[in-house]
1. Would you mind telling me which numbered condition in (1) in a strand (DSSP E or B); (2) of a type outside the set (Val, Ile, Thr); (3) open to solvent by 10 Å² or more (accessible area, probe 1.4 Å) residue 67 fails?
2. State whether one or more residues within segment 259-278 are at pLDDT 95 or above, at negative phi and touching an Asp or Glu at 6+ places or on another chain (Cβ under 7 Å).
3. Take the residues in segment 135-152 that are open to solvent by less than 30 Å² (accessible area, probe 1.4 Å) and more than 15 Å from the chain's Cα centre (by Cα), then tell me which one is farthest from residue 191 (Cα to Cα).
4. Restricting to segment 90-112, count the residues that are part of a strand (DSSP E or B) and more than 19 Å from the chain's Cα centre (by Cα).
5. Restricting to segment 21-41, and then to whatever is of a type in the set (D, E, K, R) and open to solvent by less than 40 Å² (accessible area, probe 1.4 Å), can you tell me which residue is nearest to residue 61 (Cα to Cα)?
6. Does residue 217 count as open to solvent by 30 Å² or more (accessible area, probe 1.4 Å), closer than 25 Å to residue 127 by Cβ and either away from the ligand (no atom under 13 Å from the Cβ) or over 24 Å from the mean Cα position of the chain (by Cα) (or both)?
7. Please work out which residue is surrounded by the most Cβ atoms within 10 Å (Cβ to Cβ), limiting yourself to segment 105-124 and to residues that are closer than 18 Å to residue 246 by Cβ and within 16 Å of the ligand (Cβ to nearest atom).
8. For segment 226-332, give me every one of the helices (runs of 4 or more DSSP H) that falls completely inside it and has 3 or more residues that are within 13 Å of the ligand (Cβ to nearest atom) and buried (at least 16 other Cβ atoms within 10 Å of the Cβ).
Amino acid sequence: MLCADLCSAQLYTELSLLEVIDNADLSKRTSLRLQSHVDRLIRVHHPAELIEAKQALRGPYRGLLGEGSNSVFGSHIRGTLLQVAWRGCERMEAGFIRAKAGEHWDELVQWSLCQDLQGLENLSMIPGTVGAAPIQNIGAYGVELSHYCHAVEATHWDSMTRRRFKADECLFAYRSSIFKKANHQAWIITDVEFHLNESGASPVTASLNYAYPDLQRRFSQQAPSGALELAQAIRDIRASKLPDPHTEPNAGSFFHNPSIPSDAAIALKRRYPELPIYPDGAQHHKLSAAWMIEQCGFRGQRDGDVGVSAKHALVLVNYGLATGEKLLDFAQRLIQAVEAKFGITMSIEPRILLS
Ligand code: EPU
């Protein structure tokens, strides 16, 4: 890990002018690379420029674009999207750090590990920006952002007032938060604070960290020597299991793992003993959507330019010049097939904006 190259504490972008791009090509700005244009895209380099950005809208404000790793856009988006481009992260007192919304998530993770701060290692290699991470409460390998998030600062779009949300005010849940539940466009997240474990402190996640089956297998003989080794293991596992968006354009998991009452989950498992199920709170179990999609025969299947990755059944891929509309039609076929076979309705995970 090249610590020196990472977001050294002073990587703040200076105040600069707005970048206004008309008829912006979103295929170049999203990991699914779907054919899509938006009337106007404004890149904002400092929270203070938001007021100016509001005056530069073309048509209605349609929300934010981060790195585009969790969004499905239709062919033509009316109005204006904003892109938050302020970056940097800094250490505060003890194990607290603060990161700017436009920072790359994975760079923040690597920087925090280089600072000898533990906690985010299981969230290594997740694409996207720091500002997008709380919206869907990103999670992987037994850890969610909510475990380490201390506070989120955001600007309210209508009133342009700033608010600090303490973690418990963010209403974090599985791939959800107040920012996802509320009107998507209401808040612009500007900064996120985390409370991480300093070396030597007892990490809350000592047990969580490698309780996940993939990690158990990897560390069955010997526990990881520390967070850096765990982070490397996560990177290896992700690279081996998930398709690379650069070669197979995708948005990660396309569906949530459905959560249903435990008695129904256990009954389903009796019918399908191989179905992976996991406790989700006291009264629910999560079902593996990937497994159900695979059982319906979709893993590795293509229909023209869209398909299901052969590497992972939860990942939909744009193999060429697909549109969002075409991808969503295909997703509906998967939803219907899983519903017909298992009686379970899957829900789509990425943000969808069609027109
Ligand atoms: N499986 C299949 N077929 C497949 C892939 C997986 O049957 O093609 C089964 C396997 O039996 C496996 C089970 O599904 O035991 C679970 O698979 P995996 O470990 O890959 O996790 P997942 O439930 O499919 C979730 C997250 C991922 C996260 C991993 C690891 C959701 C929607 N997805 O996937 O998050 O990386 O766990 O923690 O919760 C994302 O959100 O974009 C994302 C990649």
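1. Condition (1) is where residue 67 drops out.
2. Within segment 259-278 (the criterion being at pLDDT 95 or above, at negative phi and touching an Asp or Glu at 6+ places or on another chain (Cβ under 7 Å)), the answer is yes, since at least one residue qualifies.
3. 148
4. Step one: of segment 90-112, the residues part of a strand (DSSP E or B) are 90-91, 96-100, 104.
This time we only want the ones that are more than 19 Å from the chain's Cα centre (by Cα), so: 90-91, 96-97.
Here the count works out to 4.
5. Restricting attention to segment 21-41, the residues satisfying the condition of being of a type in the set (D, E, K, R) are 22, 25, 28-29, 33, 39-40.
From what is left, the residues that are open to solvent by less than 40 Å² (accessible area, probe 1.4 Å) are 25, 39.
On the way: 25: 17, 39: 11 Å.
My answer is 39.
6. Numbers: open to solvent by 30 Å² or more (accessible area, probe 1.4 Å): yes; closer than 25 Å to residue 127 by Cβ: yes; either away from the ligand (no atom under 13 Å from the Cβ) or over 24 Å from the mean Cα position of the chain (by Cα) (or both): yes.
Judged against the criteria, residue 217 is a match.
7. If we filter segment 105-124 for residues that are closer than 18 Å to residue 246 by Cβ, which is where we start, we get 105-107, 124.
Applying the additional criterion that residues be within 16 Å of the ligand (Cβ to nearest atom) yields 105-106, 124.
Details: 105: 26, 106: 19, 124: 23.
Checked segment 105-124; the qualifying residue surrounded by the most Cβ atoms within 10 Å (Cβ to Cβ) is 105.
8. Numbers: elements: 227-241, 262-271, 289-295.
Helices (runs of 4 or more DSSP H) meeting the threshold: 227-241, 289-295.
The values are calculated or read from the model by the stated rules, or taken from the named source; none is laboratory data. The model shown is predicted, which means the values in this text are computed figures rather than measured ones. FYI the Cβ positions are ideal-geometry reconstructions off the backbone, even for glycines, and counts take in every protein chain you see. The accessibility values were calculated without ligands, DNA or RNA, using every heavy atom of the protein model including side chains. Shrake-Rupley method; radii C 1.70, N 1.55, O 1.52, S 1.80 Å.
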